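The values are calculated or read from the model by the stated rules, or taken from the named source; none is laboratory data. From a predicted model like this one, the values you see are computed outputs, not experimental measurements. Quick reminder, even Gly has a Cβ in these numbers, built from the backbone with ideal geometry, and neighbours come from all protein chains shown. Note: accessible area is taken over every heavy atom of the protein model, side chains too, but ligands, DNA and RNA are not part of it. Shrake-Rupley method; radii C 1.70, N 1.55, O 1.52, S 1.80 Å.
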Amino acid sequence: MDMLEQARDGVVIIDDRNCIVFFNSAAEELWGYTAAEVMGRNVKCLVPMPYRTDHDDYIAHNRETGINRIVGTSREITFESKSGDYVSAEMSISTALIGPDKKQYYMAFMKGVTEESHRKKLLDLQNTVFRSLSGDMLIQDVADLVCNGVEEFVPNSVAVLMLVTPEHHLQVLSGAGMPRRFVSALEAMTLTEADLTALANDLDEASSIVWESYRSVGISLGLHDCWASAIKAPNGKISGILALYSRNQHKVADWPKKIVSGAVPFCGVVIEQYEARQHISQLANFDPLTGFLNRSSLHKVLKTMISQPGDNRFAVLLLDLDRFRDINDALGHIQGDTFLKAIAERLKTLCRSNYILSRSGGDDFVVVIPNATPEIAVDFIKTVTDAMQRPLEVAGNHLSASFSTGIATFPENGPDGESLISHAEVAMRQAKKEARGSYRLVSTIDTKEAQERLVLGSALRDSLSKGLLNLHYQPQIEARTGEIYGVEALSRWNHPTLGNIFPSRFIAVAEETGQIEAIGRWSLEESCRQITQWERDGVHIPVVSVNLSAGHFHNRSLVPMIADLLRKYGLAPERLTVEITESVMMDESDETMNVLSAIRELGVGLSMDDFGTGFSSLSRLTRLPLTEIKIDRSFIMNLEHDANAQAVTTAVIGIGNRLGMTVVTEGVETEAQYDLLERLHCDVLQGYLFAKPMSAADLETWYRKPRKLMPAMKKDGAQ
């Protein structure tokens, strides 16, 4: 023990109860505690506060299983000294069985890391950033890499890299761990000329701008300290700010400030690259007058939308400005451009954040509405028509505007972007010819379409009778545990000669030809049969969800049929959920409401599918006997970057939770989406991040393999 006491490295030994039994002088110097202050205490008193709760469990896991990642290895850790300062050290741990009872003791050797080590790590991070910038990595990903690297220096912290926009606002380029409310506060700020001058004279003034003015808000959100530095561009202008916020409640030393200052030079390079790429992208992809996508970029977007997996649909609206030539002739081309810009701004205010806008010609605009039916597209055009009646002032003249509009939908009106826009243009010209300021839908009743519908309807009837339809199943995962919550059953049709038919197409044909109820009955029985088959094979799927169309709920035989299926297959009613559409929700007839209530009385679940995409009413929502709400994928597509989508999603999750309903989110494809939804307390997630829809056999194979776990799942003990 004398040798250990005199060792230059800190030595800490704990007994089988995790209590400190040895603490040498070098350890006293590292932590700032005397041996008398820690002897006999649980070793977690030396661990940073955020990790103390779970620390005993980590050690217990090692004692019980012998499986670990630390014994016999060496790694760098950061902890807090008695004074609250951060200390970095290289730790190695060994273990031994001591005494007749073979009690397991652990001994940790701690070698303090010098400031030179931090400089080396900063240099390594800088080199990684430069390599990333020279490759094909997105600037957003490089910014995330910077912030993640800076956060590793200071435990329990969050780094934020911000741009200063030409309008003198702050724009958060990276800061995934930052509370949204604080981000909103920062981005709502406008820097004055005095602010910019102060930053140019002293880069450290950034702390007063991004912290001192918002300290009370930060503290309410769990942020207690901040180190920040402005970033100066080569031309002397302030281009951004790098800030590091601490969640530690006590004051720590200012060495994290050195980390921030050391990272500022390569953060400046990241911002330069971002601005250069933005400028190039703007020139290549956007119309310089309106800022909307240009024609070539629009076609790229449409191609991407069409190639996405799943049952996609969207509307393409071609809006042609009426009598624009008269304005050009009367006021001149410069004022004509001013008028176009004003029209574009008003049009933009009418569009949701996930709509795609393009200026495809001199006075032609294109609006693409994701997940839209013709009815949704028509409602939007009516809104545009009303809004355009309010005059615009151009060069002292008050001008009103109107559009003649053609509407095409995918997949009904074409397999590609070119044909969709072409068909929309034909419809637009028809509208302009017959009544300026009106709209026309691409015709769906011509001979070719009618013939196709006749062929498909006949083939569908034949396939149903021969059992050629099949179900695919997409897993639904519990957000907090990673456990399987259930599966959604999805109809698939691969005809021997017609090939694979989009579900949106054959379901529409089934509704038009009166076969939709037969498909619904088949889907219910096949799902019940399959879930019992899985159970016999040792595959436990807690619940299967089946989509039914609105017509089913006018049929009183639906409830007895479901009850008979549950008895036939020996299924508990809670193993089955019926998904309804918003059109069912809107139907408040006694017949429909009685059917819905009877389904719930059986104990079968009721789920509102694609909530929020149609005409959902909260008052109706409270009157329906729902057990589940499904948030449509359209809200998730740009969830990480769209404050509006986040607000709607947060509201829906909150409503579902308060009403005691399970909230399921569809279309989850990225870990960033998962992280955000998990923090918003969404119950269940469904999407390609976890698994695509698959056959029953493939799902069984997937079930038996280890499933993808997210960090929050691991934290909660998911296996």
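Side notes on the structure shown:
- Of all residues in region 517-534 being farther than 13 Å from L576 by Cβ and modelled with pLDDT of 95 or more, the one that is nearest to the chain's Cα centre (by Cα): W534
- Among residues of region 5-53, those that are of a type in the set (A, V, I, L, M), surrounded by fewer than 17 Cβ atoms within 10 Å (Cβ to Cβ) and over 24 Å from E64 (Cα atoms), counted: 5
- Spans of helices (runs of 4 or more DSSP H) in region 193-237 with at least 3 residues more than 21 Å from R180 (Cα to Cα): 193-201
- In region 86-109, the residues that are open to solvent by 50 Å² or more (accessible area, probe 1.4 Å), within 45 Å of the chain's Cα centre (by Cα) and not aromatic (F, W, Y): E90, T95
- For first residues located in region 476-500 and within 25 Å of I516 (Cα to Cα), partners that are of a type in the set (S, T, Y) and buried (at least 22 other Cβ atoms within 10 Å of the Cβ) and lie 6+ apart or on another chain with Cβ distances below 6 Å form the pairs V487/Y473; E488/S545; A489/Y473; A489/S527.
- Single residue of region 143-155 satisfying the filter (in contact with a strand residue (DSSP E or B) (Cβ under 7 Å, 6 or more places away or on another chain) and in contact (Cβ under 8 Å) with a residue 60 or more places away in the chain) that is farthest from Y245 (Cα to Cα): A143
- Checking G218, G222, G240 one by one, the residue that is open to solvent by less than 10 Å² (accessible area, probe 1.4 Å), over 21 Å from K258 (Cα atoms) and within 28 Å of the chain's Cα centre (by Cα) is G218 and no other.
- Any chance A510 is in a strand (DSSP E or B) and small (G, A, S): no
- Scan of region 523-549 for residues that are open to solvent by less than 60 Å² (accessible area, probe 1.4 Å), outside any loop (DSSP other than H, G, I, E, B) and free of Cβ contacts under 8 Å to residues at least 60 places away in the same chain, ordered by number: S523, L524, E526, S527, C528, I531, T532, V546
- Positions within region 121-167 being assigned to a loop (DSSP other than H, G, I, E, B) and either open to solvent by 50 Å² or more (accessible area, probe 1.4 Å) or farther than 23 Å from I238 by Cα (or both), in sequence order: G135, D136, M137, L138, V154, P155, N156, P166, E167
- The residue of region 380-402 that is least open to solvent (accessible area, probe 1.4 Å), among those that are farther than 30 Å from P370 by Cβ and in contact with a helix residue (DSSP H, G or I) (Cβ under 6 Å, 6 or more places away or on another chain), is V394.
- Looking across region 658-680, the residues that are part of a helix (DSSP H, G or I), open to solvent by 70 Å² or more (accessible area, probe 1.4 Å) and farther than 15 Å from P179 by Cα come down to R658, E671.
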